[in-house]
Amino acid sequence: MAGSVLESPGLIWLAAANYADKAAAGWFYKLLASPPLVIYSTLFGGDGHILAAFYILFFIDMAAGLAAALKNRCFRFRRLGLWAVKFMTYSLCIGIAGLVNLALARSLGLPLLDVVLTILIASEALSIFENLSELGCPVPPVFLKLAAGVKSRAGKKLEAMLDEEDGGAG
């Protein structure tokens with residue numbers, strides 16, 4: 001039996017690539033949600049509210065994914081490491097966007113951090129819809145179609161590697 005995902009550097013990089021790729025996929029549609037969040041951030045207190053909303057959605061997604069895995073009897077302890085990699089990858093993206101945002105704010109005034117957070121929030125929302133669908137909850141088909149569109153090649157390869165190491169179980 002294989003150990004934790006975190007014990008395999010190759011899987012860590014593949015998982016990080018998967019999450020970055022999923023966040024970037026469908027960026028145009030995810031950006032459509034950006035203007036309301038930027039306006040909210042500007043009017044009611046800055047990036048802290050949006051950042052809090054993102055991390056709340058992250059943990060809701062984690063709970064929904066865990067519930068779906070338990071319901072479908074495909075829970076594996078070693079896959080819990082994927083959430084740690086996802087958390088670190090997204091936090092790194094947010095940190096880099098925040099630093100670039102600080103550097104550009106004086107000269108260009110672009111709300112880069114808000115845009116990055118919007119993209120990540122949309123990614124988490126799609127993941128939550130996917131997990132709710134697996135739990136048998138009714139989900140509008142448009143969200144499932146969008147979620148299917150963000151599947152990455154890295155994600156498919158990662159799932160195949162993990163399934164192979166787990167002995168073919170999903």
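Summary table below
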quantity: Long-range neighbours under 8 Å by Cβ, at least six apart or interchain, first residue part of a loop (DSSP other than H, G, I, E, B) within region 50-79, second modelled with pLDDT of 85 or more and not hydroxyl-bearing (Ser, Thr, Tyr); calculated: 72/134; 75/66; 75/69; 76/69
quantity: Residue, nearest to the chain's Cα centre (by Cα), within region 133-148, restricted to residues that are assigned to a helix (DSSP H, G or I) and surrounded by 15 or more Cβ atoms within 10 Å (Cβ to Cβ); calculated: 147
quantity: Number of the exception - residue 18 against (1) at pLDDT below 75; (2) surrounded by 15 or more Cβ atoms within 10 Å (Cβ to Cβ); (3) over 11 Å from the mean Cα position of the chain (by Cα); calculated: (3)
quantity: Residue in region 120-132 that is aromatic (Phe, Trp, Tyr), assigned to a helix (DSSP H, G or I) and in contact (Cβ under 8 Å) with a residue 40 or more places away in the chain present; calculated: no
quantity: From the options 84, 97, 67, 53, residue that is at pLDDT 80 or above, in contact with a helix residue (DSSP H, G or I) (Cβ under 8 Å, 6 or more places away or on another chain) and either polar (S, T, N, Q) or farther than 27 Å from residue 145 by Cα (or both); calculated: 97
quantity: In region 95-113, residue nearest to residue 58 (Cα to Cα) [restricted to those that are out of contact with any Gly (no Cβ under 9 Å at 6 or more places or on another chain) and buried (at least 18 other Cβ atoms within 10 Å of the Cβ)]; calculated: 97
quantity: So residue 60, is it of a type outside the set (Lys, Arg) and under 12 Å from the mean Cα position of the chain (by Cα); calculated: yes
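The values are calculated or read from the model by the stated rules, or taken from the named source; none is laboratory data. Predicted, not measured: the structure shown is a model, and the values here were computed from it. Cβ atoms come from the backbone with ideal geometry, glycine included; neighbour counts cover every protein chain shown.
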